[in-house]
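Quick notes on the structure that follows.
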Amino acid sequence: MDKIDIPGEWELVAGRIKHNTKICIVLGKTDSGKSTLCKYLIRTWTASGIRVGYIDSDLGQSTLGPPTTVSLKNFTTPPDAGDYANPSYLHFVGNTAPEGFLLQTLHAVKLMVNISLRQGAQITLVDTTGFIDGPVARILKLHKLEMLRPQWILALQAEDEMEHLLKGYEKMGWHVIRLACPKHVATRSQAERQRYRSEKYQAYFKPAKIKECPIHKVVFPSGILGTGRRIHPHELPKEYCIHDMNHLYLKNAAPNCW
Ligand SMILES: Nc1ncnc2c1ncn2[C@@H]1O[C@H](COP(=O)(O)OP(=O)(O)OP(=O)(O)O)[C@@H](O)[C@H]1O
Ligand SMILES: [Mg+2]
């Protein structure tokens, strides 16, 4: 954190919300300083003895776990940069962006928040993706807020790019604090973002080993693989016959229906 510029309003906010806050969420567009603000809050709060559960729900530019996951780490003392490398828990969402994976993303965030609360975090701090524009982003953010009921929404804005979301939340009674994006925030190109993802994958899978496992013991809960009945090729109508196929499995949509 040494080279980081700490705006005066960050110090005020850290002090203002450290009491009576169970859940706090940080929103902002891409490269607005969300993760840096989270790190500052973690450092400040843990320095005053507060146990913080940090939830990284950024599926693409994740801080804690590999991309495609939502992860959690509890902090009781001010962390160093290296302490963000290994999350205590993570849940696989399956994509590097929430589009098309809204349910999975919300489910994963809820799982991590439950664990954080169960483990006694005094403040659970939720870092998010920069996905703020358009109707799908609005639906995701709205349901995330409805689900988590955070005491505070911290919104980092360069101008007024979040207002289309924030005004509505305020009308619904959410507590919003608007913060300016830090002056020295650096933007990253698509190529840099891809490189970052690939490095995170490599670091995560470095200690991985190949493990053989019989296919019948593997479960694919979100797919139909493994749910069919083994059949002999002659059970199939002729027009469905496939030559040289000895292992056929049938998955019926309904009984007596091919
Ligand atoms: N207060 C600050 N002082 C100096 N540099 C900063 C500050 N805030 C952010 N930066 C730099 O700007 C870059 C982007 O910041 P950060 O990763 O926190 O943004 P983000 O909103 O989390 O981005 P993303 O949308 O990719 O998750 C980083 O390189 C970070 O070090
Ligand atoms: Mg970030």
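No lab work stands behind these numbers, since they all come straight from the coordinates. This structure is a prediction, so every number in the text was calculated from the model and none was measured. Positions of Cβ are generated from backbone atoms using ideal geometry, with glycine treated the same way; all protein chains shown enter the neighbour counts.
How high is the relative contact order of region 8-205? Use alpha-carbon pairs under 8 Å, at least six apart in sequence, and give a whole percent.
Relative contact order of region 8-205: 29 percent.
Return one number: the angle in degrees, 0 to 90 and rounded to the nearest 10, between the long axis of the Cα atoms of helix 134-148 and the longest principal axis of the Cα atoms of the chain.
80
Quick check: net charge around G15, other residues with Cβ under 15 Å of its Cβ, Lys/Arg +1 and Asp/Glu -1?
Net charge in that neighbourhood comes out at +1.
Once Lys and Arg get +1 and Asp and Glu get -1 on their Cβ, which of P214, H91, M147 lies farthest toward the positive end of the dipole of the chain?
Highest projection toward the positive end goes to P214.
Can you put S116, S189 in order of Cβ neighbours within 10 angstrom, beginning with the fewest?
S189, S116
Give the aspartates and glutamates whose C-alpha is closer than 20 Å to that of K200, dropping any in the same chain fewer than 8 places away, or say none.
Within the straight-line limit of under 20 Å, K200 reaches these aspartates and glutamates: D31, D56, D58, D80, D83, D127, E192.
Using 20 Å as the Cα-Cα cut-off, could you pick out the over-long pairs in K73/K183; K39/K73; K73/K217?
K73/K183; K73/K217
How far, in degrees from 0 to 90, does helix 190-205 lean away from the longest principal axis of the Cα atoms of the chain, to the nearest 10?
It works out to around 70 degrees.
For G168, what is the net charge nearby, where nearby means another residue's Cβ is under 11 Å from its Cβ and Lys, Arg count +1, Asp, Glu -1?
Net charge in that neighbourhood comes out at +2.
Expressed as an acute angle from 0 to 90° and rounded to the nearest 10, what is the orientation of the C-alpha long axis of helix 34-47 relative to the principal long axis of the chain?
The helix 34-47 is inclined about 60 degrees to the chain.
Averaging over every viewing direction, what projected area does the convex hull of the Cα atoms of the chain cover, in nm²?
If you wrap the Cα atoms of the chain in a convex hull and average its projections, you get 18.9 nm².
For the chain, give me the percentage of DSSP beta bridges that are antiparallel, rounded to the nearest 5 percent.
Here the antiparallel bridges make up roughly 40 percent for the chain.
Please name whichever of L248, T68, I132 sits farthest to the positive end of the charge dipole of the chain, dipole taken about the Cα centre and charges placed at Cβ: Lys and Arg +1, Asp and Glu -1.
Checking the options against the dipole of the chain, the answer is L248.
By counting other Cβ atoms within 10 Å of each Cβ, how are I6, I224, I123 ranked from fewest to most?
Fewest to most other Cβ atoms nearby, the residues stand as I224, I6, I123.
From the phi angles alone, apply the Karplus equation (6.51, -1.76, 1.60; θ = phi - 60°) to region 107-113 and give each ³J(HN,Hα) in whole Hz, x where the residue is Gly or Pro.
For region 107-113, the Karplus curve yields 4, 5, 5, 4, 4, 5, 5 Hz.
Under 18 Å between alpha carbons, and skipping anything fewer than 8 positions from K238 in its own chain: which lysines qualify?
Counting by Cα, and skipping residues close in sequence, K238 has these lysines nearby: K251.
Placing +1 at every Lys and Arg Cβ and -1 at every Asp and Glu Cβ, with all other atoms neutral, what dipole size does the chain have around its Cα centre, in debye to the nearest 20?
680
Using a Förster distance of 41 angstrom, determine the FRET efficiency expected from the C-beta separation of K183 and Y240, and round it to 0.05.
0.05
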